[in-house]
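Chemist: Pasting in a structure now, in structure tokens, and then I'll have a few things to ask.
The values are calculated or read from the model by the stated rules, or taken from the named source; none is laboratory data. These numbers were taken from a predicted model, which means no experiment stands behind them. Here the Cβ is made from the backbone with ideal geometry for all residues, glycine too, and neighbour counts use every protein chain on show. Ligands, DNA and RNA are excluded from the accessible area calculation, which covers all protein heavy atoms including side chains. Shrake-Rupley method; radii C 1.70, N 1.55, O 1.52, S 1.80 Å.
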Amino acid sequence: MTELASSPPFIRVAGLRKSFGAQKILQGVDLDICHGETLVLIGPSGEGKSVLLKHIIGLLHPDAGRVELDGVNLCAMSERELLVARRRMGYLFQNAALFASLTVAENVAFPLREAGVHDRGVIAERVHEALELVELAAHKDKMPINLSGGMRKRVGIARAIITRPECILYDEPTAGLDPIVTDVIDHMIQRMQKHFRVTSVVITHDMNSVFRIADRVVMLKNGVVSFNGTPAQLRASPEPEIQNFIAGRSGVIA
């Protein structure tokens, strides 16, 4: 982590604020994300983790503050410039968000076609490579409805990496999965980082996943960063609120 922290951040979030009507979500988030690290976002539900992720990829525009990608302000980009910037990032939606009318292979190929790749041979080769990495090449002709929840998440990962991005954003990749499948997904995330040397930002509520995959952990609370450190520092934190969160305790005395 020392080497990572000494280099300029790949992604910088500065003073980020976002409200939806009267509901204040982000209230001044400051965060640097280094090249090649796996940063895990934790915190109670409704604290803005997914909202932060959508700002990083440019799907939402902040009320104040900025998000920089390699020193360039995403918030000042035109939609055309944002499209180019987004190609540097892959996104795994919370429910995988596969197209029900497309096969597994067609779902994975979709970002390539959107990026203007039309060579069928190139598309087939890249789809096969992506599905091999998530161990689903044999299921390329299946429809999403015929896949398990874990398999749909793995197809979502394959789709996120098909353009060979520099960064992958994972929105609760293990939500609703059993412990065995969760372990498989965690290893997939680690495999993607090592194979492509990508930067990974992962939202999760699974503390086993946090300690398995994270280089660094950031907790959001009350719209700001309330903890930023290594998994070991998180585990050793003297804050009762953090210890309750790790242990899954409400903190309410019966």
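Chemist: Only one of these is farther than 25 Å from ARG216 by Cβ, modelled with pLDDT under 95, open to solvent by less than 10 Å² (accessible area, probe 1.4 Å) and not hydroxyl-bearing (Ser, Thr, Tyr): LEU112, LEU82, LEU92, LEU98. Name it. Please lay out each step first, then the result.
Modeler: On the way: LEU82 fails: open to solvent by less than 10 Å² (accessible area, probe 1.4 Å); LEU92 fails: farther than 25 Å from ARG216 by Cβ; LEU98 fails: open to solvent by less than 10 Å² (accessible area, probe 1.4 Å).
Residue meeting the stated conditions: LEU112.
Chemist: Let me ask you something else. Need the failing condition index for SER19 against (1) outside any helix (DSSP H, G or I); (2) out of contact with any Asp or Glu (no Cβ under 9 Å at 6 or more places or on another chain); (3) touching a residue at least 40 places away in the same chain (Cβ under 8 Å); (4) open to solvent by 30 Å² or more (accessible area, probe 1.4 Å), just the number.
Modeler: The one condition SER19 does not meet is (2).
Chemist: Please enumerate the residues belonging to region 39-62 that are of a type in the set (Ser, Thr, Tyr) and open to solvent by less than 20 Å² (accessible area, probe 1.4 Å).
Modeler: None - no residue of region 39-62 is of a type in the set (Ser, Thr, Tyr) and open to solvent by less than 20 Å² (accessible area, probe 1.4 Å), so the list stays empty.
Chemist: Take SER101 and tell me if it is in a loop (DSSP other than H, G, I, E, B) and small (Gly, Ala, Ser).
Modeler: Details: in a loop (DSSP other than H, G, I, E, B): yes; small (Gly, Ala, Ser): yes.
Taking the combined requirement at face value, the residue satisfies it.
Chemist: Could you list all residues from region 70-120 that are in contact with a helix residue (DSSP H, G or I) (Cβ under 6 Å, 6 or more places away or on another chain), touching a residue at least 40 places away in the same chain (Cβ under 8 Å) and of a type in the set (A, V, I, L, M, F, W, C)?
Modeler: Result: LEU92, ALA96, LEU98, PHE99, ALA100, VAL104, VAL108, ALA109, LEU112.
Chemist: I've got another one for you. Specify the residue that is farthest from LEU169 (Cα to Cα); the eligible residues are those in region 63-79 that are open to solvent by less than 40 Å² (accessible area, probe 1.4 Å) and not in a strand (DSSP E or B).
Modeler: This residue is CYS75.
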